[in-house]
Structure formats: structure tokens, C-alpha cells
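Contents: one structure, followed by commentary.
A short reminder: the numbers here are calculations on the coordinates, not readings from a lab. These numbers come from a predicted model, not from an experiment. For neighbour counting, all protein chains shown are included, and Cβ atoms are generated from backbone atoms with ideal geometry for every residue, glycine included.
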Amino acid sequence: MSERIQLEARYCAQNYHPLPVVLTRAEGVYVWDENGKKYLDMMSAYSAVSHGHGHERLVRLVRDQVGRLNIVSRAFYTDKLGPFLEKVCTLTGQDMALPMNTGAEAVETAIKAARKWAYTVKGVDHDQAEIIACKGNFHGRTTTIVAMSDEPQYKEGFGPFPPGFVLVEYGNIDALADAINENTAAFLVEPIQGEGGIIVPPEGYLKAAERLCRDNNVLLIADEIQTGLGRTGRLLACEHDDVQPDGLILGKALGGGILPVSMFLAKSEVMGVFGPGDHGSTFGGNPLAAAVGLEALNILVEEQLAERSAEMGDYLMNRLGDIDTPLIGDIRGKGLFIGIEIDPGLATAREVCERLMERGLLSKETHETVVRLAPPLIINREQIDWAVTQIREVLAEIDEVRLAS
Ligand SMILES: *Cc1c(COP(=O)(O)O)cnc(C)c1O
């Protein structure tokens with residue numbers, strides 16, 4: 001085994017189970033390992049690298065900005081934050097934004113905003129606010145956020161957890177209707193569940209949820225950290241259903257694959273609950289992150305990455321559909337956000353990912369049974385064709401071994 005793997009395994013907490021490959025360089029849709037072997041990245045850091053690795057414009061901008069102004073904290077105004085937030089609010093139809101760094105921090109921000117809105121605007125009694133989330137959700141890893149999770153491993157050993165969360169079945173509008181009461185502050189939902197296994201809810205679910213929330217004075221908060229910024233073929237996945245959430249959470253690709261940049265966006269009525277000292281982050285909204293975030297958005301629009309995602313996603317989905325194998329149970333997703341469900345009786349998703357890695361294609365399993373395909377949105381047809389060939393051959397290989405034994 002590589003010495004670098006041993007070193008990392010010796011000193012790094014074992015909270016991940018990485019594939020045994022040591023990456024040293026990347027460009028566009030490709031990454032290279034320590035031996036110079038090239039891989040097609042079909043994972044793009046859980047969709048953080050939608051722009052492709054080391055996008056030329058972002059690298060140039062970072063070089064320039066790093067020499068100018070980086071971290072000053074929000075104790076002062078800067079020339080970078082205003083233009084960035086103006087752009088992201090304009091693109092998403094939201095009024096105001098609160099910049100953070102990681103996705104989990106932005107989700108925490110959304111929770112705080114929803115609760116304070118419930119007390120100060122809606123009139124919910126002190127400490128009684130409830131937030132409804134969905135079974136199978138993934139919103140991050142803080143102790144408060146895992147309190148909303150129904151994944152035993154995310155929680156086991158980390159309690160006690162804060163109260164105030166209610167879980168309903170994802171995709172079931174009646175379950176949501178039943179869970180709403182006078183104390184409900186918000187419904188927090190992923191338009192497509194990412195870590196849950198690329199789960200696409202039934203047609204019309206999000207729209208019906210929006211209506212239900214409006215009728216009951218409940219905030220609809222969309223966690224688009226993974227689905228947002230072009231990943232599903234629209235700028236926001238909510239747009240597929242013509243839904244305008246009251247609160248929106250962005251992260252991952254917002255940093256252009258270079259830096260952690262996240263934010264909570266909302267209507268003024270919601271964001272207005274925050275006063276000086278209510279919430280904050282030392283690094284949130286720093287000039288370097290703001291400059292990168294603005295350029296990442298400009299690139300997204302100018303290179304039409306959402307449209308590309310729709311077109312290439314359809315192409316990839318069709319090509320995958322042509323693969324004739326008993327190993328695939330289901331293929332689902334939108335745009336370049338696709339999950340291949342492997343029949344657990346016949347193979348594991350991990351085994352598929354390991355074999356793909358040997359052939360120079362990097363992906364990662366989620367929930368043991370799903371192979372995630374979420375390449376940089378700049379991927380082209382030729383690269384997709386190559387990937388599909390690898391996937392078809394790997395599945396045929398596994399099937400052969402299975403039939404021989
Ligand atoms: C990744 C993710 C998060 C958490 O983001 P981090 O940057 O890892 O904290 C939250 N919600 C969704 C939907 C995600 O995919």
C-alpha cells in the first residue's frame with residue numbers, strides 16, 4: 001500500500017473510508033494519482049467541483065485576490081461582499097443573504113432564522129417552535145443537524161440532541177399536512193435527496209409542499225447545497241417545479257471547487273430577524289470567498305452550466321438505460337445528478353466503485369447500494385461515452401464472476 005495512504009490513515013481520524021487512490025493533481029474533469037495515472041472524476045467532491053477542477057478564470061482570480069485582500073472579518077465592509085450577494089440574490093430571487101463557509105453552517109443559520117421568525121413574526125410561544133424535516137435527509141453533521149436525521153449511524157453515540165424537530169416521510173404530502181401545527185416554523189427539504197441515495201420525489205410534491213406551507217404560514221426552506229447551481233439541469237432544482245422557497249441554502253459549488261463558501265438566503269421578512277450579534281462567522285463572507293463566489297456564479301451563467309447539465313444529464317441517463325445487466329435495479333436523477341441502484345443481492349456499490357477506479361473512473365457509493373454519478377458540469381459527450389463503456393464492462397465483469405461461482 002502507498003506510504004501516503006498509511007500516513008494519512010495513521011494520523012487522520014477514521015471518519016471516512018476513502019478509495020485507495022492518492023490524488024496529487026487535477027484539471028477540468030480529470031484528476032491524477034501519485035503514479036501519474038489519470039482518472040475521470042464522476043464524483044466532483046459531492047458536487048462541489050461543478051465548474052471542473054482548477055477553472056482557469058477562478059485560478060486567475062484567486063491569484064489576483066490573494067495578493068490584494070483576503071480575511072478581514074465582518075467587523076468591516078469590503079469591496080467584494082456586496083457585489084457577490086447582489087448577484088446571488090438576483091439569480092435566485094431572494095432578498096438577502098447571510099454568508100457562511102460550510103454547508104452545515106448555512107443549515108444551522110437557516111434553523112436559527114426559522115426559529116426566530118416563528119417567535120418574532122409568527123407568534124409561536126417561547127421555545128415551542130418546530131421544524132419539519134424528511135426521513136432519509138442529509139443536512140450536515142453538527143449535533144443539531146444530526147438531531148434531524150433518521151440515519152442511526154449519524155446519531156449513535158452523539159446524543160443528547162436538541163428537541164424541536166419532526167420527521168415526515170419524503171415525498172408524502174399527506175404526511176407533511178398531518179405534521180404541520182401552530183408551532184411549525186418551517187419545512188426543510190432537499191428537492192432531490194442527495195446523500196439519501198439520489199431520491200427524486202413524486203412529480204408535484206414540492207409544489208404541493210409550497211402551497212401547504214403558504215396556507216399554514218410555514219416557511220419552505222430548500223436545502224440546495226448539493227442540488228443547486230446547475231447540478232440538476234436548472235440553476236436551482238426548485239425551478240423544475242416552479243417553486244420559490246422562503247429560504248434557500250447554498251454551498252458546495254458556490255465556492256467554485258476552490259474554497260468553502262455557503263450561505264442562507266431568504267426573503268427580507270425572514271432575514272430581518274437577525275440583528276448585530278445574533279449570529280456570525282469569522283470567515284463567513286470574507287473577500288477572497290466573496291470574489292471566488294461571484295466569479296463562480298458568473299461562470300455558471302456565462303458557460304451555461306445548468307443547460308449543459310440538463311443536456312449531458314439526459315444523454316448520460318439514456319446511455320445508462322441502454323446497459324443490459326441484471327445488476328442495475330434502478331437509475332434515477334435529474335441533470336448530471338444520477339444514482340445507479342445496484343441490486344444488493346448481486347453486488348455492492350462499493351465493489352462497482354473499486355473496479356471503476358481500477359479503470360480510471362472515480363465515483364463513490366452512497367448507502368451501500370447506490371453508485372453516484374455527479375461529474376463536473378463541463379463534461380462532454382466523448383467523456384460520457386467513455387465512462388458508460390467502463391460502467392458497462394465493470395458490471396459485465398461482476399456478473400461473470402457471479403455466474404461462475
Ligand atoms: C453536503 C451537504 C450538506 C453539508 O455540507 P457541508 O459543507 O459538508 O457541511 C448539507 N446539505 C446537503 C443537501 C448536502 O448535500
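Values computed for the structure shown
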{"read-out": "Between region 222-265 and region 10-52, the alpha-carbon center distance in angstrom", "value": "23"}
{"read-out": "Total formal charge among the other residues, if their Cβ is under 11 angstrom from that of residue 233, Lys/Arg +1 and Asp/Glu -1", "value": "0"}
{"read-out": "Which of 117, 386 has the fewest Cβ neighbours within 10 Å, and the rest in rising order", "value": "386, 117"}
{"read-out": "Kirkwood hydrodynamic radius of region 257-342, Cα pairs, Å", "value": "16.7"}
{"read-out": "FRET efficiency for residue 399 and residue 311, using Cβ-Cβ distance with R0 set to 45 Å, rounded to 0.05", "value": "0.90"}
{"read-out": "Value of relative contact order over region 56-302, rounded to a whole percent, pairs C-alpha under 8 Å and six or more apart", "value": "31"}
{"read-out": "Per-pair calculated FRET efficiency, R0 = 30 Å: residue 330 and residue 16 via Cβ, rounded to 0.05", "value": "0.70"}
{"read-out": "Cβ-based exposure ranking for 5, 145, 111, in which fewest neighbours within 10 Å come first", "value": "5, 145, 111"}
{"read-out": "Against the rule of thumb 2.2 N^0.38 Å, how large the Cα Rg of the chain comes out", "value": "0.99"}
{"read-out": "Alpha carbon convex hull of region 290-405, volume per residue in cubic angstrom", "value": "106"}
{"read-out": "Highest to lowest packing among 306-312, 224-230, 184-190, scored as the average C-beta count within 10 Å", "value": "224-230, 184-190, 306-312"}
{"read-out": "Distance from region 62-99 to region 343-366 (C-alpha centre basis), Å", "value": "40"}
{"read-out": "Charge-dipole axis of the chain as Lys and Arg at +1 and Asp and Glu at -1 on Cβ define it, positive-most pick from 260, 374, 153", "value": "260"}
{"read-out": "Relative contact order (percent, whole number), region 199-284, Cα cutoff 8 Å, 6+ residue spacing", "value": "22"}
{"read-out": "Dipole magnitude of the chain about its Cα centre (Cβ charges: Lys, Arg +1; Asp, Glu -1), debye to nearest 20", "value": "1220"}
{"read-out": "Region 94-216 - Rg and Dmax from Cα coordinates, angstrom", "value": "14.3, 40"}
{"read-out": "Residue (of 166, 52, 287) at the positive-pole extreme of the chain, dipole from beta-carbon charges", "value": "287"}
{"read-out": "Neighbour-count ranking [beta-carbon atoms within 10 angstrom, fewest first] of 12, 89, 134", "value": "12, 89, 134"}
{"read-out": "Share of pairwise Cα separations in region 1-116, more than 16 Å, in percent", "value": "77"}
{"read-out": "Environment charge of residue 183, counting only residues whose C-beta is closer than 11 Å and scoring Lys/Arg +1, Asp/Glu -1", "value": "-2"}
{"read-out": "Cβ-defined net charge surrounding residue 17, 12 Å radius [Lys, Arg +1; Asp, Glu -1]", "value": "-1"}
{"read-out": "Ellipticity estimate at 222 nm from DSSP helix runs (n ≥ 4, -39,500 (n - 2.57)) divided over the chain, nearest 500", "value": "-11000 deg cm²/dmol"}
